[in-house]
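Engineer: Handing you this structure, nothing more for now.
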Amino acid sequence: MKNIYFAGSIRGGRNMADVYKKLIAGLRLIGTVFTEHVGDEQSLRMDDESLRDLEIFERDMEWIRSSDLMIAEVSQPSLGVGFEIASAIMLEKPVLCLYNENSDNRLSAMISGNSDLTISRYGSLEEAESQIAEFLSGLN
Ligand code: 6IA
């Protein structure tokens, strides 16, 4: 079983929240997903009440350190997701960035131009899931 860090926008905007939820459901079949709250509105509300930002940061950084890989959904621009991707690169974790090709947002050159990242453009959920499977099979 792999430890998977899933990154998706929270304060950057929740437009893609439904996609996060579905991708996380698929990832749970493959491994342990540290960040299931990214796809879950109810646990986000609880998080808001019980965890201060300092604790959120410390906990998420520890989860990144403990993870085997990161899957980041990058269609909705998010400072937090960008920071997490950079942190994972520094920690030499493999990172797959999934970008919905129908997104109105253009992907940052700091992501699309980064050769340390695997970037997949997807049109449907099925496509994103097969890209995840392909990425995982390329890891040892
Ligand atoms: O800048 P963003 O908020 O869009 O950053 C989103 C990323 O940062 C996600 O991939 C998360 O892993 C992490 N993150 C940001 N906020 C939280 C959070 N609670 N709990 C866990 N991880 C987080 C904040 C709740 C919020 C609704 C106030």
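Engineer: If you keep only loop residues by DSSP, which trypsin sites (Lys or Arg not before Pro) in segment 61-140 have at most 10 other Cβ atoms within 10 Å of their Cβ?
Structural biologist: On the way: sites: Arg65, Arg106, Arg121; in loops: Arg106.
Filter output for segment 61-140: Arg106.
Engineer: Hey, got the dipole for the chain? About the Cα centre, +1 on K and R Cβ, -1 on D and E Cβ, debye to the nearest 20? Before the final figure, lay out the partial values.
Structural biologist: On the way: 13 positive and 23 negative charges, 27 e Å.
For the chain, the charge dipole is close to 140 debye.
Engineer: Going by a ≥ b ≥ c, the root eigenvalues of the Cα gyration tensor, does segment 1-93 fall in the rounded group (a/c under 1.5), the prolate group (a/b larger than b/c) or the oblate group? Can you show the working numbers first?
Structural biologist: On the way: a/c = 1.29, a/b = 1.11, b/c = 1.16.
Rounded is the answer for segment 1-93, as its axis ratio a/c remains below 1.5.
Engineer: Relative contact order, percent, of segment 17-73 when contacts are C-alpha pairs under 8 Å separated by at least 6 residues? Show your work: numbers first, answer last.
Structural biologist: Values: 22 pairs, mean separation 17.2, N = 57.
Relative contact order here is 30 percent.
Engineer: Using the number of other C-beta atoms within 10 angstrom as an exposure proxy, rank Met61, Met70 with the fewest first. Don't skip to the answer; put the middle values down first.
Structural biologist: Values: Met61 14, Met70 26.
Ascending Cβ contact count within 10 Å gives the list Met61, Met70.
Engineer: Defining a contact as two alpha carbons under 8 Å apart and six or more residues distant in sequence, what relative contact order in percent does the chain show? If you can, show how the numbers build up before the last one.
Structural biologist: On the way: 203 pairs, mean separation 35.7, N = 140.
Across the chain, relative contact order equals 25 percent.
Engineer: Another question, if that's okay. Distance between the C-alpha centers of segment 1-66 and segment 68-127? Whole Å please.
Structural biologist: 15
Engineer: Would you list, by chain and number, the aspartates and glutamates whose Cα falls below 14 Å from the Cα of Lys2, excluding same-chain residues fewer than 8 positions away?
Structural biologist: Reachable aspartates and glutamates: Asp68.
Read-outs throughout are calculated quantities, based only on the coordinates presented, and are distinct from any laboratory measurement. The model shown is predicted, which means the values in this text are computed figures rather than measured ones. Neighbour counts run over all protein chains shown; Cβ positions are idealised from the backbone, glycine included.
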